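Okay, so here's the structure we're looking at.
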Amino acid sequence: MHLLPRLAFSLVLLGSGLRVATAASTDWPQWHGPTRDCVIPVAAAPITALPKELKPLWKVPAGGGFSAPLVAGGKVFFNDTDGTDEFAHLLDAKTGKELWKVAYAAAVGDEFGKGPRATASLDGDFAYVQSMSGEFRCLSLKDGKTVWGLSFDKDYKTPYLGANAKAGTATRRGNNGSPVVDGDAVIIPVGATDGATLVACDKLTGKVLWKSGTDEAAYSAVLVADLGGVRQIVHLNADALTGTDRKTGQLLWRTPVKTGAKRNTGSPVIIGDHVVINSFTLGLVSYKIAKSPGGWTATEDWANKKLAINIATPALLGDALYCQGPTKDFICADAKTGVTKWSQPGFGSGRKDYASTLVSGKNLLVLTEDGTLLLLAANPEKYTELARLQVCGNTWSFPAYADGKLFVRDARELACIDLGGK
């Protein structure tokens, strides 16, 4: 590990109010929002209408990459590439004025382009960023300087291989799985098969707290959940769905997940002691996680193979899951049985297998691949569209929502749009 003590340790211990654990209720500091489940905080006013026409409060240029913007403490963070390097940017959320910009890794790419694909995590005074090639950095939010870092290649012998990789793991299309900060640690999906699928580091110093697993990484984000009364890391990697003890790194349970090209992409959905995953190969599948005197078990309790959701992640509201479906359909499935409740055709354009879905009160905000923003009533009985608005160009980036503003990114720019909520 390469520790880069650019800041005095005494200063590292001081926080500025951006910490996720104590973040303002309207912040959006990590992948899929403050609770990492696509839910806009209940403290925010529910979105009940969309503007009649698009009038962004501000727009700034953005380079290549599919990572999502983040918002915390009145600041906007995003990362992109100019084709040579990957950059992190910090902006003023009200004006879009750039406060700093720093390069943190060389740019790599594949047939879908260059640029960062893993969304960062903001916590306290720091941003935790992960490049497509597997360079991980803890950056100071004050000035963008590196506090500490590690390399998947140099430290864990897990290089980015691109088209030379044998399967569609993170070594093939880049390190997309977003890290997560929990308590004193940041958990990183390194994907080393010699005992470091996941690596937990002290978030302030980079000291390795534990390493665990022998599976390769895919593209799914790391989650933290309390299952069976035990806090654990839930990870859908290239080979399996796993639960790892948060404090010790002990592997608690593992169920193989064999999919085409090992390209598991969607984030798991936690429903009580159940974990729901999706893939183009297996469809939508739910596992019951249980602890018994004989150890932990992960038992499949339902599967809907027809819902072969590829790269999107379902959003849970009540007893229903809502998501971009396997083809051109937006779907609703019963979260208890997996049965398809309804399917609405004609969503998006292009590949037509991705949309970002957010929960706002009793409604859904859906940003399609072609940049259309839809407001839907979360009705498990039928598709109910309330409004729509074209907000950006083609996008695979999940939006951020904070203080009534939606932050959307496409291949050319990042925009702030006032949706009227406070």
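The values are calculated or read from the model by the stated rules, or taken from the named source; none is laboratory data. Small disclaimer: the values here were computed from a predicted structure and weren't measured. Don't worry about glycine lacking a Cβ; one is built from the backbone with ideal geometry, like all the others, and counts go over all protein chains shown.
Of all residues in region 342-381, exactly one satisfies the criterion of being part of a loop (DSSP other than H, G, I, E, B), of a type in the set (S, T, N, Q) and modelled with pLDDT of 95 or more, namely N379.
Take region 133-145 and flag every residue that is in contact (Cβ under 8 Å) with a residue 60 or more places away in the chain and either buried (at least 18 other Cβ atoms within 10 Å of the Cβ) or aromatic (F, W, Y) (or both). Break it down stepwise before answering.
Pass one, region 133-145, residues in contact (Cβ under 8 Å) with a residue 60 or more places away in the chain: 138, 140-142, 145.
Across region 133-145, the qualifying residues are C138, S140, L141.
Reported count of residues in region 76-107, each being under 22 Å from the mean Cα position of the chain (by Cα) and either among the hydroxyl-bearing types (S, T, Y) or at pLDDT below 95 (or both), is 2. The strands (runs of 3 or more DSSP E) falling completely within region 146-230 that include 1 or more residues that are of a type in the set (G, A, S) and over 22 Å from V108 (Cβ atoms) map to 185-188, 198-202, 208-212, 223-227.
Being closer than 18 Å to D184 by Cβ and more than 16 Å from the chain's Cα centre (by Cα) is the filter here, so list the residues in region 120-135 that pass it.
Step one: of region 120-135, the residues closer than 18 Å to D184 by Cβ are 121-128.
If the condition is that a residue be closer than 18 Å to D184 by Cβ and more than 16 Å from the chain's Cα centre (by Cα), then G124, D125, F126 are the ones that fit.
So which residues in region 220-270 are surrounded by fewer than 17 Cβ atoms within 10 Å (Cβ to Cβ) and within 16 Å of R36 (Cβ to Cβ), if there are any at all? Of everything in region 220-270, those that are surrounded by fewer than 17 Cβ atoms within 10 Å (Cβ to Cβ) and within 16 Å of R36 (Cβ to Cβ) turn out to be D226, R231. Looking only at region 278-294, residues that are in contact with a strand residue (DSSP E or B) (Cβ under 9 Å, 6 or more places away or on another chain) and without any contact (Cβ under 8 Å) to a residue 12 or more places away in the chain come to 0 in all.
The set of residues in region 311-341 being surrounded by fewer than 16 Cβ atoms within 10 Å (Cβ to Cβ), of a type outside the set (S, T, Y) and either modelled with pLDDT under 95 or not in a loop (DSSP other than H, G, I, E, B) (or both) consists of D334 alone. Taken over region 379-394, residues that are in contact (Cβ under 8 Å) with a residue 60 or more places away in the chain and surrounded by 19 or more Cβ atoms within 10 Å (Cβ to Cβ) amount to 1. For region 293-310, residues that are closer than 21 Å to E369 by Cα and surrounded by 20 or more Cβ atoms within 10 Å (Cβ to Cβ) total 2. Pairs are defined by a Cβ separation below 9 Å, a sequence spacing of at least 6 or placement on different chains, a first member in region 37-52 that is in contact (Cβ under 8 Å) with a residue 40 or more places away in the chain, and a second member that is aromatic (F, W, Y); the pairs so defined are C38/F398; I40/W28; I40/Y401; A44/Y401; I47/Y401.
For region 47-89, the set of residues classified as of a type in the set (A, V, I, L, M, F, W, C), within 19 Å of G420 (Cα to Cα) and in a loop (DSSP other than H, G, I, E, B) consists of I47, A49, L50, L54, L57, listed by residue number. Just so you know, in region 350-378 the residues that are out of contact with any Leu (no Cβ under 7 Å at 6 or more places or on another chain) and without any contact (Cβ under 8 Å) to a residue 24 or more places away in the chain include one that is surrounded by the fewest Cβ atoms within 10 Å (Cβ to Cβ), and it is R351. Within region 245-262, is even one residue within 16 Å of V285 (Cβ to Cβ) and within 16 Å of the chain's Cα centre (by Cα)? So far as region 245-262 goes, no, none of its residues is within 16 Å of V285 (Cβ to Cβ) and within 16 Å of the chain's Cα centre (by Cα).
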